[in-house]
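The values are calculated or read from the model by the stated rules, or taken from the named source; none is laboratory data. All figures in this text were calculated on a predicted structure; none of them were measured in a lab. Positions of Cβ are generated from backbone atoms using ideal geometry, with glycine treated the same way; all protein chains shown enter the neighbour counts. Side chains included, ligands, DNA and RNA excluded: accessible areas come from the protein's heavy atoms. Shrake-Rupley method; radii C 1.70, N 1.55, O 1.52, S 1.80 Å.
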Amino acid sequence: MDQQVKQAFYDRLAARTISRRDFMRYCGMLTATMGLSASFVPKVAEVFAAPKQRPPIVWLHFAECTGCSEAVLRSQYPWIDELLMEILSMEYHETIMAAAGHQAEDNLQAAVKKYEGQFLCVVEGAVATAHDGAYGKIAGRTFLDIANDVCRKAGAVICIGTCSSYGGIQAASPNPGGYKGVADALGIKTLNIPGCPPNPVNFVGTVVNYLLLGRLPDLDDKGRPLFAYGRTIHEQCPRRSHYENDEYVESFGSPEAKMGYCLYKMGCKGPETYNNCPIAKYNSGTSWPVEAGHPCIGCSEPGFWDEMGPFFEPL
Ligand code: FSX
Ligand code: SF4
Ligand code: F3S
(Lines give C-alpha, C1' and ligand atoms only; values in the text may rest on other atoms or scores of the structure.)
(Ligands and ions follow the chains in the order given, each with its own letter.)
Protein backbone atom coordinates (compact mmCIF):
# COMPACT_ATOMS: atom_id res chain seq x y z
CA MET A 1 0.00 0.00 0.00
CA ASP A 2 1.26 3.49 -0.83
CA GLN A 3 2.52 4.80 2.53
CA GLN A 4 1.53 8.42 1.81
CA VAL A 5 -2.02 7.46 0.85
CA LYS A 6 -2.25 5.26 3.94
CA GLN A 7 -0.93 7.99 6.23
CA ALA A 8 -3.34 10.56 4.76
CA PHE A 9 -6.20 8.15 5.47
CA TYR A 10 -5.14 7.67 9.12
CA ASP A 11 -4.75 11.44 9.48
CA ARG A 12 -8.34 11.89 8.30
CA LEU A 13 -9.47 9.28 10.85
CA ALA A 14 -7.53 11.04 13.60
CA ALA A 15 -9.18 14.35 12.66
CA ARG A 16 -12.49 12.62 13.48
CA THR A 17 -11.07 11.33 16.77
CA ILE A 18 -11.03 7.75 15.49
CA SER A 19 -7.97 5.80 16.44
CA ARG A 20 -6.25 3.29 14.19
CA ARG A 21 -7.25 0.62 16.72
CA ASP A 22 -10.98 1.56 16.42
CA PHE A 23 -10.69 1.39 12.66
CA MET A 24 -9.04 -2.05 12.74
CA ARG A 25 -11.75 -3.24 15.14
CA TYR A 26 -14.37 -2.12 12.61
CA CYS A 27 -12.50 -3.93 9.81
CA GLY A 28 -12.41 -7.04 12.01
CA MET A 29 -16.17 -6.81 12.58
CA LEU A 30 -16.83 -6.29 8.86
CA THR A 31 -14.52 -9.17 7.88
CA ALA A 32 -16.31 -11.48 10.32
CA THR A 33 -19.73 -10.26 9.07
CA MET A 34 -18.63 -11.13 5.52
CA GLY A 35 -17.70 -14.62 6.71
CA LEU A 36 -14.01 -14.23 5.83
CA SER A 37 -11.16 -15.45 8.00
CA ALA A 38 -9.19 -13.03 10.19
CA SER A 39 -6.31 -13.12 7.68
CA PHE A 40 -8.44 -10.87 5.44
CA VAL A 41 -8.60 -8.01 7.97
CA PRO A 42 -5.53 -6.13 6.59
CA LYS A 43 -6.88 -6.51 3.05
CA VAL A 44 -10.28 -5.14 4.10
CA ALA A 45 -8.49 -2.22 5.78
CA GLU A 46 -6.65 -1.60 2.53
CA VAL A 47 -9.92 -1.32 0.56
CA PHE A 48 -10.79 1.69 2.73
CA ALA A 49 -7.35 3.19 3.19
CA ALA A 50 -6.10 2.89 -0.39
CA PRO A 51 -8.90 1.92 -2.77
CA LYS A 52 -7.51 0.70 -6.10
CA GLN A 53 -10.64 1.17 -8.14
CA ARG A 54 -13.75 3.28 -7.64
CA PRO A 55 -16.72 1.50 -9.21
CA PRO A 56 -19.26 3.89 -10.76
CA ILE A 57 -22.64 3.73 -9.02
CA VAL A 58 -26.01 4.86 -10.32
CA TRP A 59 -28.47 4.91 -7.40
CA LEU A 60 -32.15 4.95 -8.39
CA HIS A 61 -35.13 5.83 -6.19
CA PHE A 62 -38.60 4.46 -6.81
CA ALA A 63 -41.53 3.84 -4.39
CA GLU A 64 -40.17 3.87 -0.84
CA CYS A 65 -39.61 5.99 2.27
CA THR A 66 -35.87 6.71 1.68
CA GLY A 67 -35.11 4.97 4.98
CA CYS A 68 -32.51 2.85 3.16
CA SER A 69 -30.54 5.94 2.11
CA GLU A 70 -31.01 7.29 5.64
CA ALA A 71 -29.56 4.05 7.04
CA VAL A 72 -26.55 4.18 4.72
CA LEU A 73 -26.06 7.86 5.61
CA ARG A 74 -25.54 6.61 9.17
CA SER A 75 -22.86 4.15 8.14
CA GLN A 76 -20.13 4.74 10.71
CA TYR A 77 -17.01 3.53 8.89
CA PRO A 78 -16.56 4.38 6.19
CA TRP A 79 -18.46 7.63 6.71
CA ILE A 80 -20.85 8.35 3.94
CA ASP A 81 -18.64 11.02 2.36
CA GLU A 82 -15.73 8.59 2.24
CA LEU A 83 -17.93 5.82 0.91
CA LEU A 84 -19.36 8.04 -1.82
CA MET A 85 -16.33 10.07 -2.78
CA GLU A 86 -13.34 7.82 -2.23
CA ILE A 87 -14.42 4.18 -2.33
CA LEU A 88 -17.33 4.45 -4.76
CA SER A 89 -17.82 6.89 -7.59
CA MET A 90 -21.40 8.08 -7.05
CA GLU A 91 -22.64 9.26 -10.44
CA TYR A 92 -26.32 9.76 -9.62
CA HIS A 93 -28.28 9.75 -6.33
CA GLU A 94 -31.33 12.01 -6.13
CA THR A 95 -31.31 12.47 -2.35
CA ILE A 96 -27.77 13.75 -2.04
CA MET A 97 -26.82 15.17 -5.46
CA ALA A 98 -26.48 18.91 -5.94
CA ALA A 99 -28.04 18.89 -9.42
CA ALA A 100 -31.81 19.21 -9.86
CA GLY A 101 -34.37 19.08 -12.68
CA HIS A 102 -33.08 18.68 -16.24
CA GLN A 103 -29.45 18.82 -15.08
CA ALA A 104 -30.02 15.80 -12.82
CA GLU A 105 -31.71 13.85 -15.62
CA ASP A 106 -28.84 14.71 -17.97
CA ASN A 107 -26.36 13.38 -15.35
CA LEU A 108 -28.23 10.08 -15.26
CA GLN A 109 -28.20 9.69 -19.03
CA ALA A 110 -24.54 10.69 -19.28
CA ALA A 111 -23.46 8.22 -16.55
CA VAL A 112 -25.41 5.32 -18.06
CA LYS A 113 -23.91 6.02 -21.47
CA LYS A 114 -20.35 6.48 -20.23
CA TYR A 115 -20.29 3.38 -17.99
CA GLU A 116 -22.65 1.08 -19.87
CA GLY A 117 -22.11 -2.56 -18.86
CA GLN A 118 -19.79 -1.57 -15.99
CA PHE A 119 -21.69 0.51 -13.45
CA LEU A 120 -23.34 -0.94 -10.37
CA CYS A 121 -26.99 0.06 -10.27
CA VAL A 122 -28.24 0.36 -6.69
CA VAL A 123 -32.04 0.48 -6.55
CA GLU A 124 -34.09 1.69 -3.61
CA GLY A 125 -37.87 1.31 -3.82
CA ALA A 126 -40.44 -0.76 -5.69
CA VAL A 127 -41.51 -0.47 -9.33
CA ALA A 128 -45.17 0.19 -10.20
CA THR A 129 -46.14 -2.23 -12.97
CA ALA A 130 -49.96 -1.93 -13.30
CA HIS A 131 -51.45 0.39 -15.98
CA ASP A 132 -48.10 0.65 -17.80
CA GLY A 133 -46.42 1.84 -14.62
CA ALA A 134 -48.70 4.88 -14.23
CA TYR A 135 -48.51 4.83 -10.40
CA GLY A 136 -44.94 6.08 -10.22
CA LYS A 137 -43.11 8.66 -12.33
CA ILE A 138 -39.98 10.79 -12.22
CA ALA A 139 -39.57 13.66 -14.70
CA GLY A 140 -42.49 12.33 -16.75
CA ARG A 141 -41.04 8.81 -17.12
CA THR A 142 -42.47 5.82 -15.29
CA PHE A 143 -40.35 3.90 -12.79
CA LEU A 144 -40.87 0.91 -15.06
CA ASP A 145 -39.42 2.73 -18.06
CA ILE A 146 -36.43 4.07 -16.08
CA ALA A 147 -35.73 0.65 -14.51
CA ASN A 148 -35.99 -1.09 -17.89
CA ASP A 149 -33.58 1.37 -19.42
CA VAL A 150 -31.00 1.76 -16.62
CA CYS A 151 -30.96 -1.67 -14.90
CA ARG A 152 -30.51 -3.56 -18.16
CA LYS A 153 -27.40 -1.50 -18.96
CA ALA A 154 -25.76 -2.07 -15.54
CA GLY A 155 -22.94 -4.53 -14.79
CA ALA A 156 -24.99 -5.71 -11.79
CA VAL A 157 -28.09 -4.57 -9.93
CA ILE A 158 -28.04 -4.31 -6.13
CA CYS A 159 -31.47 -3.85 -4.55
CA ILE A 160 -31.15 -2.08 -1.24
CA GLY A 161 -34.14 -2.55 1.08
CA THR A 162 -37.17 -4.82 1.03
CA CYS A 163 -39.06 -2.51 -1.38
CA SER A 164 -36.70 -2.87 -4.35
CA SER A 165 -35.95 -6.48 -3.38
CA TYR A 166 -39.51 -7.76 -3.08
CA GLY A 167 -42.06 -4.91 -3.36
CA GLY A 168 -42.33 -3.76 0.26
CA ILE A 169 -45.13 -1.83 1.95
CA GLN A 170 -46.56 -0.36 -1.27
CA ALA A 171 -47.02 -3.91 -2.56
CA ALA A 172 -49.37 -4.69 0.37
CA SER A 173 -52.71 -6.20 -0.57
CA PRO A 174 -54.65 -5.12 -2.64
CA ASN A 175 -51.66 -3.42 -4.34
CA PRO A 176 -53.55 -1.37 -6.93
CA GLY A 177 -50.33 0.02 -8.42
CA GLY A 178 -48.96 -3.48 -9.10
CA TYR A 179 -45.79 -2.70 -7.15
CA LYS A 180 -43.05 -5.31 -7.43
CA GLY A 181 -39.40 -5.74 -6.62
CA VAL A 182 -36.98 -5.04 -9.47
CA ALA A 183 -36.24 -8.71 -10.27
CA ASP A 184 -39.96 -9.50 -10.54
CA ALA A 185 -40.87 -6.33 -12.42
CA LEU A 186 -38.14 -6.74 -15.06
CA GLY A 187 -37.56 -10.51 -15.06
CA ILE A 188 -33.86 -10.09 -14.22
CA LYS A 189 -31.54 -11.35 -11.47
CA THR A 190 -30.66 -8.90 -8.69
CA LEU A 191 -28.57 -9.03 -5.54
CA ASN A 192 -30.95 -8.18 -2.70
CA ILE A 193 -30.11 -6.53 0.62
CA PRO A 194 -33.56 -6.57 2.25
CA GLY A 195 -34.63 -5.07 5.55
CA CYS A 196 -36.92 -2.14 6.17
CA PRO A 197 -34.45 -0.51 6.45
CA PRO A 198 -31.52 -2.83 5.80
CA ASN A 199 -28.36 -2.71 7.87
CA PRO A 200 -25.74 -0.49 6.14
CA VAL A 201 -23.07 -3.02 7.21
CA ASN A 202 -24.59 -5.53 4.79
CA PHE A 203 -24.39 -3.02 1.93
CA VAL A 204 -20.81 -2.03 2.80
CA GLY A 205 -19.89 -5.73 3.16
CA THR A 206 -21.27 -6.43 -0.31
CA VAL A 207 -19.30 -3.55 -1.84
CA VAL A 208 -16.10 -4.54 -0.01
CA ASN A 209 -16.55 -8.15 -1.15
CA TYR A 210 -16.76 -6.85 -4.73
CA LEU A 211 -13.69 -4.64 -4.39
CA LEU A 212 -11.66 -7.26 -2.55
CA LEU A 213 -12.53 -10.44 -4.41
CA GLY A 214 -13.67 -8.95 -7.74
CA ARG A 215 -17.11 -10.53 -7.51
CA LEU A 216 -20.39 -10.18 -5.70
CA PRO A 217 -20.94 -12.49 -2.70
CA ASP A 218 -22.73 -15.86 -2.82
CA LEU A 219 -26.51 -15.60 -2.59
CA ASP A 220 -29.41 -17.64 -1.21
CA ASP A 221 -32.42 -18.58 -3.35
CA LYS A 222 -34.00 -15.17 -2.61
CA GLY A 223 -30.98 -13.26 -3.95
CA ARG A 224 -29.60 -12.35 -0.49
CA PRO A 225 -25.90 -12.53 0.41
CA LEU A 226 -25.41 -15.65 2.52
CA PHE A 227 -22.88 -13.89 4.73
CA ALA A 228 -25.67 -11.69 6.12
CA TYR A 229 -28.86 -13.69 5.54
CA GLY A 230 -27.65 -17.27 5.99
CA ARG A 231 -29.17 -17.78 9.44
CA THR A 232 -32.42 -16.88 11.18
CA ILE A 233 -32.77 -14.17 13.82
CA HIS A 234 -33.95 -16.91 16.20
CA GLU A 235 -30.70 -18.94 15.74
CA GLN A 236 -28.61 -15.92 16.77
CA CYS A 237 -30.93 -14.32 19.34
CA PRO A 238 -29.59 -13.55 22.84
CA ARG A 239 -33.10 -14.27 24.25
CA ARG A 240 -32.97 -17.80 22.88
CA SER A 241 -32.29 -19.47 26.25
CA HIS A 242 -35.57 -17.96 27.54
CA TYR A 243 -37.36 -19.49 24.54
CA GLU A 244 -35.85 -22.91 25.36
CA ASN A 245 -36.97 -22.51 29.01
CA ASP A 246 -40.53 -21.42 28.07
CA GLU A 247 -39.93 -17.99 29.57
CA TYR A 248 -42.08 -15.57 27.58
CA VAL A 249 -43.13 -11.94 27.69
CA GLU A 250 -46.95 -11.84 27.66
CA SER A 251 -47.46 -8.09 27.90
CA PHE A 252 -45.32 -5.03 27.29
CA GLY A 253 -44.13 -3.32 30.45
CA SER A 254 -44.44 -6.53 32.50
CA PRO A 255 -41.68 -7.83 34.83
CA GLU A 256 -40.95 -10.54 32.18
CA ALA A 257 -40.42 -7.81 29.57
CA LYS A 258 -38.02 -6.05 31.93
CA MET A 259 -36.14 -9.33 32.45
CA GLY A 260 -35.64 -9.68 28.70
CA TYR A 261 -37.72 -12.86 28.24
CA CYS A 262 -38.49 -14.25 24.78
CA LEU A 263 -40.90 -12.20 22.62
CA TYR A 264 -42.42 -15.16 20.74
CA LYS A 265 -45.88 -14.72 22.32
CA MET A 266 -45.75 -10.99 21.51
CA GLY A 267 -45.55 -11.91 17.83
CA CYS A 268 -41.81 -12.28 17.22
CA LYS A 269 -41.16 -13.54 13.67
CA GLY A 270 -37.48 -14.26 14.39
CA PRO A 271 -37.87 -18.03 13.85
CA GLU A 272 -38.83 -17.44 10.18
CA THR A 273 -36.67 -14.40 9.39
CA TYR A 274 -33.20 -14.58 7.87
CA ASN A 275 -30.97 -11.64 8.83
CA ASN A 276 -27.95 -10.82 11.00
CA CYS A 277 -29.55 -8.10 13.20
CA PRO A 278 -28.54 -9.76 16.53
CA ILE A 279 -24.86 -9.71 15.47
CA ALA A 280 -24.57 -6.60 13.28
CA LYS A 281 -27.13 -4.46 15.18
CA TYR A 282 -28.09 -0.95 14.00
CA ASN A 283 -26.71 2.55 14.52
CA SER A 284 -23.07 1.49 14.79
CA GLY A 285 -23.86 -1.56 16.89
CA THR A 286 -26.12 0.24 19.39
CA SER A 287 -29.20 -2.00 19.37
CA TRP A 288 -31.75 -3.89 17.26
CA PRO A 289 -35.53 -4.47 17.57
CA VAL A 290 -35.53 -7.48 19.94
CA GLU A 291 -32.82 -5.95 22.14
CA ALA A 292 -35.01 -2.83 22.39
CA GLY A 293 -37.91 -5.04 23.55
CA HIS A 294 -39.91 -5.21 20.30
CA PRO A 295 -40.68 -8.44 18.46
CA CYS A 296 -39.07 -8.92 15.05
CA ILE A 297 -41.70 -8.24 12.36
CA GLY A 298 -39.76 -10.12 9.68
CA CYS A 299 -38.87 -7.00 7.72
CA SER A 300 -36.28 -8.71 5.50
CA GLU A 301 -38.58 -11.48 4.24
CA PRO A 302 -40.46 -11.39 0.91
CA GLY A 303 -44.14 -10.64 1.55
CA PHE A 304 -43.62 -9.70 5.22
CA TRP A 305 -46.14 -6.84 4.90
CA ASP A 306 -48.98 -9.33 4.29
CA GLU A 307 -47.64 -12.68 5.46
CA MET A 308 -46.03 -11.80 8.81
CA GLY A 309 -49.12 -10.03 10.14
CA PRO A 310 -50.73 -9.51 12.54
CA PHE A 311 -47.40 -8.28 13.88
CA PHE A 312 -48.29 -8.80 17.55
CA GLU A 313 -49.74 -12.28 17.26
CA PRO A 314 -47.59 -15.41 17.58
CA LEU A 315 -46.50 -17.30 14.44
FE1 FSX B 1 -38.36 0.39 1.65
FE2 FSX B 1 -36.08 2.02 1.57
FE3 FSX B 1 -38.41 0.25 4.11
FE4 FSX B 1 -38.04 2.60 3.64
O5 FSX B 1 -36.10 3.44 0.70
S6 FSX B 1 -37.19 -1.03 2.76
S7 FSX B 1 -39.89 1.56 2.95
S8 FSX B 1 -37.14 1.56 5.36
O9 FSX B 1 -36.48 3.01 2.95
O10 FSX B 1 -37.12 1.06 0.47
FE1 SF4 C 1 -36.60 -16.27 18.89
FE2 SF4 C 1 -37.80 -13.89 18.90
FE3 SF4 C 1 -37.63 -15.31 21.14
FE4 SF4 C 1 -35.46 -14.18 20.07
S5 SF4 C 1 -37.23 -13.10 20.93
S6 SF4 C 1 -35.63 -16.26 20.90
S7 SF4 C 1 -35.91 -14.42 17.89
S8 SF4 C 1 -38.79 -15.88 19.27
FE1 F3S D 1 -36.19 -6.40 10.71
FE2 F3S D 1 -36.51 -8.35 12.41
FE3 F3S D 1 -34.14 -7.32 12.04
S4 F3S D 1 -37.90 -6.65 12.08
S5 F3S D 1 -34.57 -5.19 11.58
S6 F3S D 1 -35.35 -8.43 10.53
S7 F3S D 1 -35.00 -7.98 13.96
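Of the residues contained in the stretch 294-311, none is found to be polar (S, T, N, Q), in contact (Cβ under 8 Å) with a residue 12 or more places away in the chain and either away from ligand 1 (no atom under 16 Å from the Cβ) or surrounded by fewer than 15 Cβ atoms within 10 Å (Cβ to Cβ) (or both). Quick check on the stretch 4-24. Is at least one of its residues among the hydroxyl-bearing types (Ser, Thr, Tyr), on the phi < 0 side of the Ramachandran plot, within 24 Å of the chain's Cα centre (by Cα) and surrounded by fewer than 19 Cβ atoms within 10 Å (Cβ to Cβ)? Among the residues of the stretch 4-24, not one is among the hydroxyl-bearing types (Ser, Thr, Tyr), on the phi < 0 side of the Ramachandran plot, within 24 Å of the chain's Cα centre (by Cα) and surrounded by fewer than 19 Cβ atoms within 10 Å (Cβ to Cβ), which makes the answer no.
With respect to the stated conditions, residue 208 is surrounded by 18 or more Cβ atoms within 10 Å (Cβ to Cβ) and farther than 23 Å from residue 299 by Cβ.
If only residues of the stretch 54-90 that are out of contact with any strand residue (DSSP E or B) (no Cβ under 8 Å at 6 or more places or on another chain) and among the small types (Gly, Ala, Ser) are counted, the one that is modelled with the highest pLDDT is 67. The set of residues in the stretch 289-312 being assigned to a helix (DSSP H, G or I) and more than 12 Å from ligand 3 (Cβ to nearest atom) consists of 306, 307. When residue 177 is tested against (1) of a type outside the set (S, T, N, Q); (2) free of Cβ contacts under 8 Å to residues at least 60 places away in the same chain; (3) part of a loop (DSSP other than H, G, I, E, B), just one condition goes unmet, and that condition is (2).
For the stretch 190-206, the condition of being small (Gly, Ala, Ser) and within 16 Å of ligand 2 (Cβ to nearest atom) holds for at least one residue. Taking the criterion of being more than 8 Å from ligand 1 (Cβ to nearest atom), in contact (Cβ under 8 Å) with a residue 40 or more places away in the chain and under 14 Å from residue 216 (Cα atoms), would at least one residue in the stretch 183-191 satisfy it? Yes, the conditions are met somewhere in the stretch 183-191.
Scanning the stretch 85-116 for residues that are over 15 Å from residue 146 (Cα atoms), buried (at least 19 other Cβ atoms within 10 Å of the Cβ) and out of contact with any helix residue (DSSP H, G or I) (no Cβ under 8 Å at 6 or more places or on another chain) returns a single hit, 115.
Within the stretch 157-170, the set of residues being outside any strand (DSSP E or B), crowded, with 24+ Cβ neighbours inside 10 Å and more than 14 Å from ligand 3 (Cβ to nearest atom) comprises 164, 167. Scanning the stretch 272-293 for residues that are under 21 Å from the mean Cα position of the chain (by Cα), surrounded by 15 or more Cβ atoms within 10 Å (Cβ to Cβ) and within 13 Å of ligand 2 (Cβ to nearest atom) yields 272, 273, 274, 275, 276, 277, 278, 279, 288, 289, 290, 291. Only residues that are farther than 22 Å from residue 164 by Cα, of a type outside the set (A, V, I, L, M, F, W, C) and either open to solvent by less than 10 Å² (accessible area, probe 1.4 Å) or in contact with a helix residue (DSSP H, G or I) (Cβ under 6 Å, 6 or more places away or on another chain) (or both) were counted across the stretch 44-64, and they come to 1.
Quick check: anything in the stretch 229-241 more than 16 Å from residue 277 (Cβ to Cβ), in the same structural domain as residue 259 (by TED's automatic domain parsing) and open to solvent by 30 Å² or more (accessible area, probe 1.4 Å)? Yes: one or more hits.
Within the span defined as the stretch 42-53, one or more residues are within 26 Å of residue 159 (Cβ to Cβ) and at pLDDT 90 or above. Starting from residues that are among the small types (Gly, Ala, Ser) and either out of contact with any helix residue (DSSP H, G or I) (no Cβ under 9 Å at 6 or more places or on another chain) or within 13 Å of residue 299 (Cβ to Cβ) (or both), keep the ones in the stretch 173-205 and report whichever is most open to solvent (accessible area, probe 1.4 Å). Step by step, filter the stretch 173-205, then rank; the result is 187. Counting only residues that are within 15 Å of residue 186 (Cβ to Cβ), in a loop (DSSP other than H, G, I, E, B) and open to solvent by 10 Å² or more (accessible area, probe 1.4 Å), the stretch 117-150 holds 1 of them.
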